[in-house]
1. Among Arg217, Arg227, which is the only one that is basic (Lys, Arg) and modelled with pLDDT of 80 or more?
2. Output yes when any residue across region 303-315 is farther than 30 Å from Leu65 by Cα, free of Cβ contacts under 8 Å to residues at least 24 places away in the same chain, crowded, with 21+ Cβ neighbours inside 10 Å and out of contact with any strand residue (DSSP E or B) (no Cβ under 8 Å at 6 or more places or on another chain), and no when none is.
3. What residue, among those in region 57-87 that are surrounded by fewer than 19 Cβ atoms within 10 Å (Cβ to Cβ) and farther than 29 Å from Val312 by Cβ, is farthest from the chain's Cα centre (by Cα)?
4. If we scan region 184-191, do we find a residue that is under 27 Å from Val319 (Cβ atoms), touching a Leu at 6+ places or on another chain (Cβ under 9 Å) and modelled with pLDDT of 90 or more?
5. Is it true that Lys99 is surrounded by 17 or more Cβ atoms within 10 Å (Cβ to Cβ) and basic (Lys, Arg)?
6. Could you grab me the full set of residues in region 223-253 that are within 25 Å of Asn188 (Cβ to Cβ), assigned to a loop (DSSP other than H, G, I, E, B) and not hydroxyl-bearing (Ser, Thr, Tyr)?
7. From the list Asp343, Asp259, Asp266, Asp294, exactly one residue is at pLDDT below 95 and over 28 Å from Tyr237 (Cα atoms). Which is it?
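The values are calculated or read from the model by the stated rules, or taken from the named source; none is laboratory data. None of the values given here were measured: they were computed from a predicted structure. So basically every Cβ, Gly included, is an ideal-geometry build from the backbone, and we count neighbours across all protein chains shown.
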Amino acid sequence: MSASGPANYEYVVARIRHRRAGLFGDDEYRKLLRMGTGEIARFMEDSTYKDAVDSLASRHRGMDLVEYALNEGLAAEFDALLSWSEGRLYDQLAKYLRKFDAWNVKTVFRGLYSHADTDAVRADLVDAGEFDAAFLDELLSADSVETVVDALSGTIFDTYLEPAFADYEAEDSLVPLENAVDRAYYENLNPSQPATAAQDSPEALYAEFLTAEIDFRNARNALRLARSGVSVDPAAYFIEGGTLFEASEMTTLVERQSDLVSRIQDSTYGDELSTALTALEESDSLIGFEHALDRALLSYSDHLSYVYPTSVCPVLAYVLAKEREVDNIRAIARGREAGMSEDEIQAELVML
């Protein structure tokens, strides 16, 4: 584990190939759909989540055990990825995994906004970014959104949250804060590539992967703003680094959803996002569109991994696939706990 020296793509990709083969597939999900939360926890004990389940079983049961084991297993998996990585690959991966810092900040904001129980919020945190356990505890102990914003002073989120907090207070909506967190994360990844970089260079491939993710995030955020009714300037929450939109046109696109959809359809992502756009038009469901976006990003990352098999692309694609596995298991467990039908739960899953 070192940020210096040459990148060891071949070694890490070989290890990831073995791990990816062990991810849950359709058969495992079909079995889980017929289980209660206790059975799901026992099923997880026979998988890569065994260590997490075993270490937590004396303190938690049922849904709590599933939640905590999923997040602990995810954090352990990405810690392992970092421990294998060297040089440029380590640097790229460490920056990318800050996405969990962003996730944790948004989770704490949501918990405070909805007055959720602290333990319930804690169960949703993933200790896989740069924030250590002590700092996460500090965020959890905050008694207001403003206290969290103050605690994040000096982090990558600092300058982005200050103006967003004013919009949050004016609108009583988390949308400005959540979009500001996304901007801070993605813009600090610095996805732009040197003009002299070869198409298959580590810098160019990293930039291509992140550019697609930023474009998909901007599409998601634009539609959220369009549906939220919040009167904020969409350009203020535009994430730089993509190619699909310009900040100057975001206000018009958010006000006219049909123009926004047409722009996506006519873009280089039109084929990848055709299913997502169909879901949006047929059901008028933002959740369905977001799930389809997640599937499209998985598919796009797999495409890059196939074209550039010895690069950062398979590593980042595995991170996305592992995240989706955790999200799917959690959705099944929560759905079973809530008494949802198999069809209703199936609609919440993101699979290729």
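1. It is Arg217.
2. Yes, the conditions are met somewhere in region 303-315.
3. Across region 57-87, the extreme among qualifying residues is Ser58.
4. yes
5. So Lys99 fits the description; yes.
6. Within region 223-253, Val230, Val232, Asp233, Phe238, Ile239, Glu240, Gly241, Gly242, Leu244, Phe245, Glu246 qualify.
7. Asp343
Yes/no matrix, rows are residues, columns are (1) in a helix (DSSP H, G or I); (2) of a type in the set (A, V, I, L, M, F, W, C):
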| site | (1), (2) |
| --- | --- |
| Val126 | no, yes |
| Phe131 | no, yes |
| Phe135 | yes, yes |
| Thr147 | yes, no |
| Ala164 | yes, yes |
| Ala180 | yes, yes |
